[in-house]
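Shown next, in structure tokens, is the structure this report addresses.
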Amino acid sequence: MARFDIIENSISLSEPVLVEGLPGIGLVGKIVADHLVNTFEMKHYANVYCEGIPQTVTYQPGQTSVVTPVRLYADADRDLLVLQSDVPITPQAAITFANCISGWLTETNVLPIYLSGLPAQKQSEPPTMHGIGIGDGVSQLESVGIDTPAEMGLVSGPTGALLAHALEHHLDAIGLIVESDPQFPDPEAARRVLVDGVGPLASVEIPTGELVDRAEEIRSAREQLAQRMQQADEESTKAHPLRMYQ
């Protein structure tokens, strides 16, 4: 049964922005979510129970207690939520998972920011990023000057399912799509999303110096997960260009 088990009832949120951190191309969402949780020392707000999440638990250094592999973290001062995931969601489970997450978002008046990596051998510095929106998400993107897409494309996987659910049910949502390394974790792409996407949209200043300094360490630490996802063809989210007559 779909359930969000709130474990930190003392946290009060007004109209929070939620940043989705599912592992996908370049592990952009995963790196962004981990960085926000660690940098702001966000509180573990809820364990997430949805069909489609692998039946596993996560344990952490220095702690004997275990948690669900998909969790919510909260920062009341910044009115910010982060959906952190230690596991990929398979494409087969995308719709079920999206329905579960979206149902909770609807009940709690949250504006979600969904993240997608666009596989590319990047030529530009920093990597190109653009935004897509549904409902009030469109005006939010315009208000902070995030570029519109330069070509037609689609977003697949659970993040695509989350955006599709928002479109079908007329819910506000934002999608950020950034050029990302198709084979390895990409801290540079994550930094672009944090500085020029999440920061302005959530009205927060996000330090990223540590992310840059630890880029090689992050790549190494996340490479095993990226390789496992490639072998199983289970990218959690991915953006695809749709060129004419392809």
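Hey, can you tell me all the residues within segment 134-150 that are part of a helix (DSSP H, G or I) and in contact with a strand residue (DSSP E or B) (Cβ under 7 Å, 6 or more places away or on another chain)?
Gly137, Gln140, Leu141, listed by residue number.
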TODO: Determine if segment 51-70 includes at least one residue that is within 12 Å of the chain's Cα centre (by Cα) and modelled with pLDDT of 90 or more.
DONE: yes
Open item on the list: Looking at Gly137, Gly197 in this structure, which one is in contact (Cβ under 8 Å) with a residue 40 or more places away in the chain, crowded, with 23+ Cβ neighbours inside 10 Å and over 20 Å from Ile89 (Cβ atoms)?
Closed with: Gly197
Open item on the list: Of everything in segment 77-96, what is under 14 Å from Leu22 (Cβ atoms) and either charged (D, E, K, R) or in a loop (DSSP other than H, G, I, E, B) (or both)? Give them in sequence order.
Closed with: Asp86, Val87, Pro88, Ile89, Thr90
- [ ] Examine segment 148-155 for a residue that is closer than 23 Å to Arg78 by Cα, surrounded by fewer than 16 Cβ atoms within 10 Å (Cβ to Cβ) and not aromatic (Phe, Trp, Tyr), and state whether such a residue exists.
- [x] no
Task: Of all residues in segment 186-225 being in contact with a Lys or Arg (Cβ under 6 Å, 6 or more places away or on another chain) and either part of a helix (DSSP H, G or I) or within 11 Å of Val32 (Cα to Cα) (or both), the one that is modelled with the lowest pLDDT - done: Leu211
Task: Test set (1) within 13 Å of the chain's Cα centre (by Cα); (2) over 19 Å from Thr159 (Cα atoms) - Ser12 fails condition number - done: (1)
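The values are calculated or read from the model by the stated rules, or taken from the named source; none is laboratory data. Bear in mind that the values here come from a model prediction, so they are computed numbers and not experimental data. A quick note on method: Cβ atoms are made from the backbone with ideal geometry, for glycine too, and the neighbour counts reach across all protein chains shown.
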